[in-house]
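Reviewing the structure listed below.
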Amino acid sequence: MKKNKLTPRIIKRIFILGGIIFTLILSTFCYHNFSFYQKAKRKVNIQKARLLKLEKDMESMRTSLKKYEEEKKKFSQLLFKERDIPGFLRKISSFAKESGVKIVNMKTKHFREVEMMEIKKNVSQVARKKLSSEKEKETITLSYLPINIEVEGKFGSLVNFLIYLEKYRQLLSLADIKISRKKYPILKCKFVLKIYSLKEAKNKKR
């Protein structure tokens, strides 16, 4: 029986075969590790993108909140506070004197509620990729104090008096203006002056 001898040729083949096997094992190991690295990298990139979007959303929210606070402050400055009302009534008398108008009657009533309909359009996707819109109504309320005013004066004086009121720095409006002749050139003017406030209305009757 012949014994197999490790000849240089056989040894060379063994080394070549071992190198091939080692290369295959190393390649498989590297492939799995590279695949794992790629998956991990994708997850990290997704997390980074989400984090970046979150930071942008937070920054946008902070900007919107700041803008809202600024607009709220500006709007509140346009509205009357309860302590402003007596001083404003005195200014009405002052405006009348400056305009050459006589105040015959001035009577305040209770605060009333103002309703403004704000319509929001919500667009939703329906079957067959057709778009339909829905209108959702929300009620925003303010309060106003109606002041019934009756004055007398010449036409030009009445116009100047009404312009004085309309140009006042705080929010107000004139309604139900009625002008009638008293004795030429004197005219009689009746109207309702509404001054607006954030005070809650207790009387909802108009």
The set of residues whose placed amide H lies less than 5 Å from the amide H of SER143, leaving out same-chain residues fewer than 5 positions away, is VAL114, SER197, LYS199
Mind listing the phi-derived Karplus ³J(HN,Hα) values for segment 44-55, rounded to whole Hz, using 6.51, -1.76 and 1.60 with θ = phi - 60°, and x for any glycine or proline? 5, 5, 5, 5, 5, 5, 5, 5, 5, 5, 4, 5
Given the C-alpha centroids of segment 152-176 and segment 33-52, what is the distance between them in whole angstrom? 68 Å
In Å, descending, principal axis extents of the Cα set of segment 8-78: 102, 11, 5
Burial-style ranking of 74-86, 14-26, 101-113, average other-beta-carbon count within 10 Å with highest first, yields 101-113, 74-86, 14-26
Just to be sure I understand the model, the point goes 7 Å from the Cα along the line to the Cβ. What's the resulting SER35 to SER93 distance in nm? 9.3 nm
Please list, ordered by chain and number, the residues whose modelled amide H lies under 5 Å from the amide H of VAL104; skip anything fewer than 5 residues away on the same chain. GLU150, VAL151, GLU152
What pairs in LYS74/LYS190; LYS81/LYS154; LYS107/LYS182; LYS74/LYS97; LYS107/LYS167 have C-alpha atoms more than 24 Å from each other? LYS74/LYS190; LYS81/LYS154; LYS74/LYS97
Pseudo-spin-label distance THR63 to ILE177, built 7 Å along Cα→Cβ, given in nm, is 4.2 nm
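Values quoted throughout were computed directly from the atomic coordinates according to the rules given, and no laboratory measurement underlies them. None of these values were measured; they are calculated from a predicted model. Cβ atoms come from the backbone with ideal geometry, glycine included; neighbour counts cover every protein chain shown.
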